[in-house]
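Here is the structure we will look at, set down as structure tokens.
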Ligand SMILES: [Zn+2]
């Protein structure tokens with residue numbers, strides 16, 4: 001069995017969090033709403049599936065320039081992380 005995948009806890013849509021060094025002490029980023037959290041932050045986990053890994057890889061590829069700092073442009077599909 002493979003490791004579970006961290007997904008964003010902010011919305012129903014299953015969006016895998018992308019590991020990044022762009023944000024200080026926030027190693028995980030949601031490309032859908034902008035949620036960030038650290039290694040032990042609040043996340044949901046799902047079993048790794050081809051489908052979720054495909055979404056993860058697509059986002060990672062798309063966000064390459066943003067995450068490497070080459071670009072600061074990123075359009076979030078979802079307005080904002082919901083705060084509770
Ligand atoms: Zn999110």
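The values are calculated or read from the model by the stated rules, or taken from the named source; none is laboratory data. Owing to the predicted nature of the structure, the values given are computational and were not obtained by experimental measurement. Cβ: placed from backbone, ideal geometry, glycine included. Neighbour counts: every protein chain shown.
Before moving on, here are some points about what is shown:
- When we screen 39, 53 for residues that are at pLDDT below 95 and closer than 16 Å to residue 3 by Cβ, the only hit is 39.
- Candidate set from region 40-53 (those that are within 12 Å of the ligand (Cβ to nearest atom) and assigned to a loop (DSSP other than H, G, I, E, B)); member that is surrounded by the fewest Cβ atoms within 10 Å (Cβ to Cβ): 42
- Residue satisfying condition, being surrounded by fewer than 15 Cβ atoms within 10 Å (Cβ to Cβ) and part of a loop (DSSP other than H, G, I, E, B), within set 3, 57, 65: 3
- For region 16-26, the tally of residues that are over 19 Å from residue 52 (Cα atoms), out of contact with any helix residue (DSSP H, G or I) (no Cβ under 8 Å at 6 or more places or on another chain) and surrounded by 13 or more Cβ atoms within 10 Å (Cβ to Cβ) stands at 2.
- Residues (away from the ligand (no atom under 13 Å from the Cβ) and part of a strand (DSSP E or B)) located in region 6-25: 19, 20, 21, 22, 23
- Count - residues of region 26-39 that are within 11 Å of the ligand (Cβ to nearest atom), under 16 Å from residue 69 (Cβ atoms) and part of a strand (DSSP E or B): 2
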